[in-house]
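To start, the structure itself, in structure tokens.
The values are calculated or read from the model by the stated rules, or taken from the named source; none is laboratory data. These numbers were taken from a predicted model, which means no experiment stands behind them. Cβ sites come from the backbone with ideal geometry, for glycine too, and all protein chains shown count toward neighbours. Surface areas here come from the heavy atoms of the whole protein model, side chains and all, with no ligands, DNA or RNA. Shrake-Rupley method; radii C 1.70, N 1.55, O 1.52, S 1.80 Å.
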Amino acid sequence: AQTVTQSQPEMSVQEAETVTLSCTYDTSESNYYLFWYKQPPSRQMILVIRQEAYKQQNATENRFSVNFQKAAKSFSLKISDSQLGDTAMYFCAFMKHLTGDDKIIFGKGTRLHILP
Amino acid sequence: NAGVMQNPRHLVRRRGQEARLRCSPMKGHSHVYWYRQLPEEGLKFMVYLQKENIIDESGMPKERFSAEFPKEGPSILRIQQVVRGDSAAYFCASSPGLAGVNTGELFFGEGSRLTVL
């Protein structure tokens with residue numbers, strides 16, 4: 001069974017700083033998707049960034065980028081120039097490749113506080 | 001609003017009552033997922049449904065919980081004889097479910113918060 005582990009329950013950084021959230025996962029699959037989702041205080045989950053395991057290039061979305069290390073099964077999220085609106089819970093998630101059994105498994109989350 | 005719609009947003013039940021949570025997926029989406037979030041916890045997968053089919057219910061308790069996604073109408077998560085431990089936020093998500101269209105992204109509703117007194 002797949003597992004997703006986020007070892008940092010809570011983090012705080014000053015506005016405009018860069019922060020990295022850690023995630024490791026365990027799977028025997030060779031093809032899969034990895035995700036970072038954000039859950040702000042309003043509670044609605046929003047996709048931040050997605051990585052396909054067969055792609056070596058790290059995904060980037062504006063100020064958000066990932067460091068995907070497939071051999072190490074590591075998938076960290078870097079937020080550059082952090083903003084107050086980045087304050088939220090961040091969940092790392094895993095999904096097997098599109099086989100029909102494509103439920104997404106979430107980690108326990110990292111609560112990120114951006115301080116003014 | 002073309003997003004995932006969940007209702008009710010808040011539901012209060014006494015122990016032993018039934019709770020029914022509804023989810024209308026995004027237009028064009030045929031796959032629905034239910035997740036439960038306990039306070040300060042991540043989202044735990046409960047069940048994955050397509051229209052008229054349960055694909056994976058491995059995360060759903062065997063007793064008291066059931067889910068359906070009929071041909072017409074919303075998906076329903078039903079909890080019978082609720083207990084205090086059922087208090088949680090229940091999130092529904094949908095996806096297109098078609099290879100080539102499905103990017104893996106789930107589109108979430110705002111959740112239904114169940115409180116059992």
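Some notes on this structure:
- For region A:91-105, the criterion of being within 14 Å of another protein chain (Cβ to nearest Cβ), among the β-branched types (Val, Ile, Thr) and open to solvent by less than 80 Å² (accessible area, probe 1.4 Å) is satisfied by at least one residue.
- Pick from region A:23-47, criterion in a strand (DSSP E or B) and surrounded by fewer than 19 Cβ atoms within 10 Å (Cβ to Cβ), ranking: nearest to the other protein chains (Cβ to nearest Cβ): A:Leu47
- Scanning region B:8-21 for residues that are of a type outside the set (A, V, I, L, M) and outside any loop (DSSP other than H, G, I, E, B), we see that the one that is most open to solvent (accessible area, probe 1.4 Å) is B:His10.
- At least 3 residues being closer than 27 Å to A:Gln6 by Cα is the threshold, and among the strands (runs of 3 or more DSSP E) wholly inside region B:22-61 those reaching it are B:31-37, B:43-50.
- No other residue among B:Tyr48, B:Tyr33 is in contact (Cβ under 8 Å) with a residue 60 or more places away in the chain and at the interface with chain A (Cβ under 9 Å from one of its Cβ atoms) apart from B:Tyr33.
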